[in-house]
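Report on the structure given below.
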Amino acid sequence: MTIGYLYETVRAIFRAIRFRYLAFKYSFLLKKSYPDLRLWNEPVIYHPENLSIGEKVAINNNFWANALGGIKIGNNVLIGPSVIIHSANHNFKKIDIPIRDQGHELREVIIEDDVWVAARVTILPGVRVGKGSIITAGSVVTKDVAPYSIVTGVPAKLIKKRI
């Protein structure tokens, strides 16, 4: 047995313990989650009571979510590092009232089953990401994504269908 093998074994054990600890901790905070949730580190979640997460979901480092308007994440979803999901936006229609005092527009975000959200993606309020879709790195999703689509860009546009 080499030192490298021993190091990797111990590292894998600690990683598994961290996954279990974070899944347990967030099971009390989130609207819904499962014990197999994989959080790579502490996420930043505003209004976690409005966030539902399905089975076999993996969320990478630096996840940020504002779930004021509600966020639903389906089963078997992969979320890459530094992903941002907004479900609320500031109202700004009245020019005689400061924007900060006009409240929020709430619009639920839904990410259906078997979706891959790559690194540094931003998903804006009211978006539905269809089953089996892929959102490429760095994209900003402003509109619904049809099932089994691959989208990319700012704003995200369809580049290919998976089927």
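The values are calculated or read from the model by the stated rules, or taken from the named source; none is laboratory data. Just so it is clear, the model here is predicted, and its values are computed rather than measured. Here Cβ is always computed from backbone atoms with ideal geometry, including for glycine, and neighbour counts include all displayed protein chains. Just the protein is used for accessible areas: all its heavy atoms, side chains included, with ligands, DNA and RNA removed. Shrake-Rupley method; radii C 1.70, N 1.55, O 1.52, S 1.80 Å.
Roughly speaking, to the nearest percent, how much of the chain's 1.4 Å accessible area is carbon and sulfur?
59
I want to check the label-to-label distance for Lys56 and Leu158. Put each point 7 Å from Cα in the C-beta direction and report it in nm to one decimal.
The answer from the label model is 2.7 nm.
Each label point is 7 Å from the Cα along the Cα-to-Cβ direction; what then is the distance between the points at Asp101 and Arg20, in nm?
Distance between label points: 5.3 nm.
So how tilted is helix 3-27 from the main axis of the chain? Cα-based, degrees 0 to 90, rounded to 10.
So the helix axis and the longest Cα principal axis differ by about 40 degrees.
What is the dipole size for the chain, taken about its Cα centre, with +1 at each Lys and Arg Cβ and -1 at each Asp and Glu Cβ, in debye to the nearest 20?
280
Asn75 to Thr142: FRET efficiency via 1/(1 + (r/R0)^6), r the Cβ-Cβ distance, R0 35 Å, to the nearest 0.05?
0.90
Output the Kirkwood hydrodynamic radius of region 52-163, Cα pairs only, in Å rounded to one decimal.
When all Cα pairs of region 52-163 are included, the Kirkwood radius is 14.2 Å.
Averaging sequence separations of C-alpha pairs under 8 Å and six or more residues apart, then dividing by the length of the chain, give the relative contact order as a whole percent.
After rounding, I find 13 percent.
Which lysines have a Cα lying under 29 Å from the Cα of Lys72, excluding residues fewer than 8 positions away in the same chain?
Straight-line reach from Lys72, under 29 Å: Lys25, Lys31, Lys32, Lys56, Lys93, Lys131, Lys143, Lys157, Lys160, Lys161.
Hey, what number do you get for the chain at 222 nm if only DSSP H runs of n ≥ 4 count, each worth -39500 (n - 2.57), divided across all residues, to the nearest 500?
-5500 deg cm²/dmol
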